[in-house]
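Laboratory data are not the source of any read-out in this text; all were calculated from the coordinates shown. Please read these numbers as outputs of a predicted model, since none were measured by experiment. All Cβ positions, even for glycine, are placed from backbone atoms using ideal geometry, and neighbour counts span all protein chains on display.
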Amino acid sequence: MPETATEAVFSQNENPIVIGVSSCLLGEKVRYDTGHKHYSYITQTLGQYFTFRSFCPEMAIGLGTPRETLRLVNRDDTIECVGNKTESLNVTADLIKVAHEQRSWHADLCGYILKKDSPSCGMERVRVYKGNMPERVGTGLYAKILMENFPHLPVEEEGRLGDPILRENFIKRVFVFHHWRQMAEQGFNMHRLTDFHAQYKFILMSHDQDRTRKVGARLAEASKQAISEVAEWYFAELMSILTIRATRKNHVNVMQHLQGFLKKDIDSEDKQELSDTIDRYRRQLLPLIVPVTLLKHHFRRHPKPFVERCKYLDPHPSELMLLNTL
Ligand code: SF4
């Protein structure tokens with residue numbers, strides 16, 4: 001049984017968090033050379049928390065294995081996907097069509113992990129040829145339609161998941177997206193929206209303090225607007241702010257703010273220890289998990305209902321160790 005509200009969101013039993021994944025990353029032999037690109041972090045680590053839905057657009061349009069490799073070309077400022085050897089093999093329309101056809105199951109996803117560099121699946125910096133000169137300016141055609149149809153969906157490439165900051169950011173967005181969806185299923189009202197914002201305010205502050213303050217102010221004045229409009233606007237802001245890199249400076253501000261809630265509860269020695277720990281994080285001598293754990297320790301001994309509900313100290317399962325790098 002989950003012990004806290006936070007753990008309930010992580011639970012896979014009743015409401016799995018479904019993530020789309022390029023099939024080859026799960027070890028399916030769908031590559032042009034009949035091979036795969038199994039990425040064990042996805043299957044072995046993320047697989048403990050997420051349910052995967054795999055899809056290979058090139059197999060779905062009937063190319064089969066083995067097959068000719070594809071590339072993106074710029075023809076008169078139009079991006080097309082053609083055979084590397086056989087330019088008359090043009091699968092542009094097929095890839096776009098098959099991407100739109102997946103819309104119904106895409107709508108159930110809370111995130112998507114794409115294969116980098118692929119002319120079908122690549123999220124960014126895919127080679128586009130103009131003549132023989134490639135430039136890394138493209139997006140795979142399947143990925144492009146996916147992201148156009150679902151602009152707020154957390155999307156990442158397996159290569160970028162190797163970066164601790166990008167990995168933490170993607171996984172956090174997936175959990176937030178899933179939580180939002182759970183709330184949407186219950187139906188929106190102003191109380192639920194303001195409560196949701198209270199839970200995520202400090203996380204948002206760690207990404208962008210100014211925008212978070214503006215969102216809070218607008219939310220406070222939004223009670224006369226149609227709830228569907230407010231929810232749509234808020235969700236777009238929420239997901240947009242979360243894509244901004246969280247900064248050390250913002251984390252320090254948030255933690256000092258949280259420390260303020262403890263000022264009547266802890267003695268001067270504990271206050272000094274907490275301040276020093278936050279400062280050592282600021283100076284890049286400690287990972288974020290250290291001051292966060294110390295704050296959690298104090299809030300366990302001196303519970304504050306407001307802080308208990310906010311996600312900042314528990315944004316994702318601690319076993320993923322996403323706050324543990326310097
Ligand atoms: S990158 Fe995409 S299109 Fe290529 S093999 Fe993997 S899933 Fe299929």
Once phi is turned into ³J(HN,Hα) by the Karplus curve 6.51 cos²θ - 1.76 cosθ + 1.60 with θ = phi - 60°, what whole-Hz value does each residue of the stretch 258-269 show in order, with x for glycine and proline?
5, 4, x, 5, 9, 4, 8, 9, 10, 7, 5, 5
Fewest-first ranking of M321, M255, M59, using other Cβ atoms within 10 Å as the exposure measure:
M321, M59, M255
Assign one of three labels to the stretch 164-326, namely rounded, prolate or oblate, based on the Cα gyration tensor with a ≥ b ≥ c the square roots of its eigenvalues; rounded applies when a/c is under 1.5, prolate when it is not and a/b is larger than b/c, and oblate otherwise.
prolate
Amide N of the stretch 139-157 lying under 16 Å from the label point, which is placed 7 angstrom from the Cα of A184 along Cα→Cβ:
146-155
Just add up the charged neighbours of D195: K/R +1, D/E -1, any other residue whose Cβ is under 15 Å from the Cβ of D195.
+3
Long-range amide H contacts for V21: which residues qualify at under 5 Å (H placed 1.01 Å from N, peptide plane, sequence gap of 5 or more or a different chain)?
R53, S54, F55, I113
Can you tally the net charge around P315? Count Lys and Arg as +1, Asp and Glu as -1, for every other residue whose Cβ sits under 9 Å from the Cβ of P315.
0
Measuring from the longest principal axis of the C-alpha atoms of the chain, the long axis of helix 209-220 (C-alpha) lies at a number of degrees, nearest 10, equal to 80
Roughly what would the spin-label model give for L89 and R136, points 7 Å off Cα along C-beta, in nm?
2.6
With springs only between Cα atoms under 10 Å, which of M123, M133, M183 fluctuates most in a Gaussian network model of the chain?
M133
Pairs of alpha-carbon atoms within less than 8 angstrom and 6+ residues apart define the contacts here; what relative contact order does the stretch 5-162 have, in percent?
21
Close lysine pairs (the stretch 205-326; alpha-carbon distance under 14 Å; 8 or more apart or on separate chains) counted at 6
With charges set only on the Cβ (+1 for Lys and Arg, -1 for Asp and Glu), what does the dipole of the chain come to about its Cα centre, in debye to the nearest 20?
580
Compute the helix-to-body angle for 164-186: its Cα long axis versus the longest principal axis of the chain, expressed 0 to 90° and rounded to tens.
80
Enter the Cα centre distance for the pair the stretch 285-321 and the stretch 136-159, rounded to the nearest angstrom.
33
To the nearest µm²/s, what D does Stokes-Einstein give for the chain at 4 °C and 1.567 mPa s, using the Kirkwood radius over alpha carbon pairs as Rh?
60
Under 17 Å from the 7 Å Cα→Cβ point of T243, by amide nitrogen: which residues of the stretch 91-111?
110-111
Would you kindly state how much longer the chain becomes between W233 and D33 on full extension, computed as 0.36 nm times their sequence separation minus their alpha carbon distance, in nm to one decimal?
67.5 nm
Highest-fluctuation residue, N15, N74, N132 considered, GNM on the chain with Cα pairs under 10 Å
N132
In nanometres, the difference between 0.36 nm per residue of separation and the alpha-carbon distance of L285 and Q225 is 16.9 nm
Exposure proxy check on F188, F235, F175: fewest-to-most Cβ neighbours within 10 Å is F188, F235, F175
How do 299-312, 105-118, 147-160 rank on mean C-beta neighbours within 10 Å, highest first?
105-118, 147-160, 299-312
From DSSP H assignment alone, runs of 4+ in the chain each adding -39500 (n - 2.57), the sum over residues rounded to the nearest 500 puts [θ] at 222 nm at -14000 deg cm²/dmol
